[in-house]
Amino acid sequence: MKFAGIIFDFDGVLVESEYAGNRHLAEYLTRIGHAHTPAEAMQHYMGLSGRAFIDAIEGRIGTALPEDFFAERDVENQRVLAEGVGEVAGAVAFVRSLPAEFPRAIASSSTTHWIRTHLRHLGLEDAFGEHVYSGKEHVTRGKPAPDLYLHAAAAIGVAVADCVILEDSPVGATGAVASGAHVIGLCAGTHCPPDHARVLKAIGVQDIAADFGEVARLVGL
């Protein structure tokens, strides 16, 4: 292995949740008079969470979101939690291929409940142990700040400079690069547009991987 530890983003890296979530968001915004395509929703809001997510939407549409937005999002989230979503192609096999003792963590903008529920759907509930970290729960500043990655690296006992981070979103990649880790921009999810690699490279990621086979080569598996 070329690195001493690995940190995964979650949505869009291990699970195919990004496109479905942004499609639902785009449909809602369009319905209330602010036309969005799924691609536009991903471009402007992907990787954000909490207040930063709401601020980005309200800043773009120029008004406060209606109260029913939060109820609709909750209904959709509960549906997805119950039904599950598929893996990003090759993600489960890649995680299972890591040596059992190799330090690893998840650092995601989603809640730990969301992450752990989907890990169970994927059959990976035992793969990360206690090392599942949320930008909503474990740090004051979520992505694009580097704090969550620094927290995860410290928790697994590896200097962040010796870690590799897998990120798919521009917001996440920004924080990952700022952390000082080696960053692989993963363009394996169905939500990634044709120019996604260019966008991530412009942010400063060191490598691009189109699939988990390429990730395995880059990390030395």
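The values are calculated or read from the model by the stated rules, or taken from the named source; none is laboratory data. Small disclaimer: the values here were computed from a predicted structure and weren't measured. In this analysis, Cβ positions are derived from the backbone assuming ideal geometry, glycine residues included, and neighbour counts consider all displayed protein chains.
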message = Considering only the range 117-125, I want to know if a residue exists there that is closer than 15 Å to Ala91 by Cα, of a type in the set (Asp, Glu) and more than 16 Å from the chain's Cα centre (by Cα).
response = yes
remark   = Among Ile106, Ile57, Ile7, the single one that is in contact with a helix residue (DSSP H, G or I) (Cβ under 7 Å, 6 or more places away or on another chain) and more than 22 Å from Tyr149 (Cα to Cα) is Ile57
ask   = Restricting the first residue to the range 107-124 and requiring it to be in the same structural domain as Ala173 (by TED's automatic domain parsing), which pairs with a second residue that is part of a loop (DSSP other than H, G, I, E, B) and among the acidic types (Asp, Glu) meet a Cβ separation below 8 Å and a spacing of at least six or different chains?
value = Ala107/Asp9; Ser108/Asp9; Thr111/Glu137; Thr112/Glu137; Arg116/Glu125; Leu119/Glu125
note = Considering the range 180-221, residues that are assigned to a helix (DSSP H, G or I) and touching a Cys at 6+ places or on another chain (Cβ under 8 Å), and then whichever is nearest to Asp147 (Cα to Cα), we arrive at Leu200
request  = Kindly indicate whether Ala105 is surrounded by 19 or more Cβ atoms within 10 Å (Cβ to Cβ) and either in contact with a strand residue (DSSP E or B) (Cβ under 7 Å, 6 or more places away or on another chain) or modelled with pLDDT of 95 or more (or both).
outcome  = yes
message = Looking only at residues that are under 25 Å from Val215 (Cβ atoms) and part of a helix (DSSP H, G or I) in the range 81-108, which one is nearest to the chain's Cα centre (by Cα)?
response = Ala91
ask   = Would it be correct to say that Val75 is part of a helix (DSSP H, G or I), under 22 Å from the mean Cα position of the chain (by Cα) and not hydroxyl-bearing (Ser, Thr, Tyr)?
value = yes
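Matching residues to (1) surrounded by fewer than 19 Cβ atoms within 10 Å (Cβ to Cβ); (2) over 30 Å from Arg79 (Cβ atoms); (3) among the charged types (D, E, K, R):
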| position | (1), (2), (3) |
| --- | --- |
| Glu125 | yes, no, yes |
| Tyr133 | no, no, no |
| Ala153 | no, yes, no |
| Ala159 | yes, yes, no |
| Ser169 | no, no, no |
| Cys187 | no, no, no |
